[in-house]
Amino acid sequence: MEKQPRLLCSELSVQRRPYEVILNCAILAWKETQTAKKHTGRAVCGAVKAGSHCVPMCEIIAVQEKDDESPSKNTGKWQKVPQSPVDSFQHAFTANRPKHLLVYINPYGGKQRGKQIYDHKVAPIFSQASISTDVIVTEHANHARDHLKTEADLKKYDGVVCVGGDGMFSEIVHGLVSRTQRDEGVDENSMKDTLVPCRLRIGIIPAGSTDCICYATVGSNDPVTSALHIIVGDSQSMDVCSVHNEDTFLRYSLSLLGYGFYGDVLTDSERKRWMGPARYDISGVKTFLSHRYYEGTVSFLPAEGNSGTPRDNFQCRSGCNICRGSSSDNLVGKDENNLPDAERQDEWTAIRGKFLAINAASMSCACPRSPKGLSPAAHLADGTTDLILVRKCSRLDFLRHLLRHTNKDDQFDHSFVEVYRVRQFHFTPRYQECDSEVDLRESGVGSKRFLSQICREHRACGCVQAQSNWNCDGEILPHSAIQVRVHCQLIMLFARGIEEHSVFEDPYALCAI
C-alpha cells in the first residue's frame, strides 16, 4: 500500500481561543480544541469531519502573520523556503506562485468594462496575495503586442496578464511568442523551424464578448476565478498554430481557423462594426442565406500515436492524460532517423472538393451560445488541431449541422461532414491551382472560364465569389492559400483546465493516513 503523506498537528490561538490545526499536502483544517476529540492515528479524520473547517491547499492564496491584539493590516510578505537539506521540507510546502506581474488592460474591448473589472475585482485580490503589478492601459490596437516585442523587460516578471477578450489574449501571445523566437534566433517565417516555448505564463482576466479561451481553459468567464488561478500559480500548457503563406509568416492561431462560412461572417461583420455585438447575428443570418461554397484542395498530415480522434467523446479536462503525455511525443526531431513532418510526404492526405466551411479547432471553442463548441473532444495541449470539412449540401442540411453546435447531438454525424485530427494542413483554393490540377470537366468551355475570371476581377457582379477569407481568431487573413503547423505546448497559462468535480468535494477523504 502506498505510503500516505505525513499529517502535521498543532495548536494555535485565534482571538485567544485555542484551535487544533491539521495540515498535510492536500488540506488545512482547524477546530476549536474544546470540542475536538482526543485522537490518534486514523481517529484524526473522524474528529476533523465532525463540524470542522477545511480549505484545500491549492486554494490558499497567501499566508500572513499578525498580532492578535493589533488591528488587521495587509503586511504579508513572501518568505523563501530553504532549498537544502532535504529535511528542511519536512514541515513546509512550496508553490510556483507569481510575485511580480505585467498587466495589460484593454479599456475598449467587450462591454468596455476592462479597467473597472480589474480595479474593483482583481487588484484587491492581487494586493491581498502580496503580488506586485505593473499595469499598462492600452491606447490602440496591438499596443500590448508591440510593447512585449520591443520594450518590455521580461526578466523582471513572473507572468503576463491580459484584461480583455480573446483579441487581447491573441495580442499578448503574438508579442510574447515573437519576442521569444527573436531572442532565441528562430526564424518565424520558416515552416520547418520548431518554435521555442515561452518562459512566462499568461493570465487571462475575461472582459470580452465571448471569452472563448477562458471557457476552454477554466470553464467559466468569471474574473475572480481567473484571478485566483493566477494567484495560486496554476499551470496549463497550450498549443499554438503558426499560419504561413509560402515563406511568409501571417499569424498565430489559438482557437479557430475558419474558411468559407465563418470567414464570410467575419468579413461581413467588419463592415457593420457600428452595430456592436449584434452585427455577428445579422452577418451570420445573411451569410447562411447566401449559401456560398468554395472549391479547393485540403492536404493534411494525420496525427499519430495516443492522440485519440475528434469523435471519441474524450473531453480535455484538468490533468488530461493525452495532453500530459504529448510534450515529448509531438516534438519531431530533425536527425536522419526522424524526419520533420514536412518531409513525410508519403503520409499526407489530399482532399479536393466544394466546401461550405473549412474549420480548424485547436480547442473545443465552447462559449455560452455553443456549450460543447465546434469540436467537443479537441485537446488544449496534444500538438494537434481538429480539421472539420463541411462539403457542399442543401441549406437545410447545413442548418441542421449548425444547430447541433447548440445541443448534445453529434455534430459530425452527417454524410457531408468530415473531421480529422492533424498536425499540419495546407489549403489551396481552386483558382490558384495549376492547370494540371484543375478538373477541366467541371470548368466548362473556354468562354465560361473567361467569364469566371472576369467575375473574380470585378466583384460588383452578383455571381458566387471565387474565394473566401480565413477567420483567424477573429482577424481576417490577407491570403486564402495557407500552410498551418501545430506547435505543441508553446505557451503556458495560469489555469488548470476544466475540472470535472469541485476541489471542495469531500476533502476529508484526503486526510486519511
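The values are calculated or read from the model by the stated rules, or taken from the named source; none is laboratory data. Because the structure is a prediction, the values reported are computed rather than measured. Virtual Cβ from ideal backbone geometry, glycine too; neighbours counted across all protein chains shown. Surface accessibility is based on the protein's heavy atoms, side chains included, excluding ligands, DNA and RNA. Shrake-Rupley method; radii C 1.70, N 1.55, O 1.52, S 1.80 Å.
Under 30 Å from Arg496 (Cα atoms) and at pLDDT below 95: which single residue out of Pro310, Pro302 fits that description?
One residue alone meets the criteria, Pro310.
Which count do you get for residues in the stretch 93-143 that are open to solvent by 40 Å² or more (accessible area, probe 1.4 Å) and assigned to a helix (DSSP H, G or I)?
The total comes to 8.
Can you pull out every residue in the stretch 236-265 that is open to solvent by 10 Å² or more (accessible area, probe 1.4 Å) and over 12 Å from the mean Cα position of the chain (by Cα)?
Asn245, Glu246, Asp247, Thr248, Phe249, Leu250, Arg251, Phe261, Tyr262, Asp264, Val265
Being small (Gly, Ala, Ser), touching a helix residue (DSSP H, G or I) at 6+ places or on another chain (Cβ under 6 Å) and at pLDDT 95 or above: is that true of Gly159 here?
Considered against the rule, which asks whether it is small (Gly, Ala, Ser), touching a helix residue (DSSP H, G or I) at 6+ places or on another chain (Cβ under 6 Å) and at pLDDT 95 or above, Gly159 comes out as no.
I'd like to check something: does the stretch 194-208 contain any residue that is farther than 21 Å from Ala495 by Cα, of a type in the set (A, V, I, L, M, F, W, C), touching a residue at least 60 places away in the same chain (Cβ under 8 Å) and in contact with an Asp or Glu (Cβ under 8 Å, 6 or more places away or on another chain)?
Taking every residue of the stretch 194-208 in turn, at least one turns out to be farther than 21 Å from Ala495 by Cα, of a type in the set (A, V, I, L, M, F, W, C), touching a residue at least 60 places away in the same chain (Cβ under 8 Å) and in contact with an Asp or Glu (Cβ under 8 Å, 6 or more places away or on another chain).
For the stretch 389-409, name all the residues that are within 17 Å of Phe427 (Cβ to Cβ) and touching a residue at least 40 places away in the same chain (Cβ under 8 Å).
Leu389, Val390, Lys392
Filter the stretch 318-328 down to the residues that are surrounded by fewer than 17 Cβ atoms within 10 Å (Cβ to Cβ) and in contact (Cβ under 8 Å) with a residue 60 or more places away in the chain and list them by number.
Hits for the stretch 318-328 are Gly319, Ser327.
Can you go through Val224, Val160, Val196 and tell me which one is part of a helix (DSSP H, G or I) and hydrophobic (A, V, I, L, M, F, W, C)?
Val224
Of Glu433, Glu499, which residue is modelled with pLDDT under 95 and over 30 Å from Ser226 (Cβ atoms)?
One residue alone meets the criteria, Glu433.
Residues that are among the aliphatic types (A, V, I, L, M), open to solvent by less than 30 Å² (accessible area, probe 1.4 Å), within 30 Å of Ala227 (Cα to Cα) and at pLDDT 80 or above: does the stretch 50-60 have at least one?
No; the residues of the stretch 50-60 include none that is among the aliphatic types (A, V, I, L, M), open to solvent by less than 30 Å² (accessible area, probe 1.4 Å), within 30 Å of Ala227 (Cα to Cα) and at pLDDT 80 or above.
Specify the residue that is farthest from Leu356 (Cα to Cα); the eligible residues are those in the stretch 393-412 that are open to solvent by 40 Å² or more (accessible area, probe 1.4 Å), in contact with a helix residue (DSSP H, G or I) (Cβ under 9 Å, 6 or more places away or on another chain) and at pLDDT 95 or above.
Taking the candidates together, the pick is Leu399.
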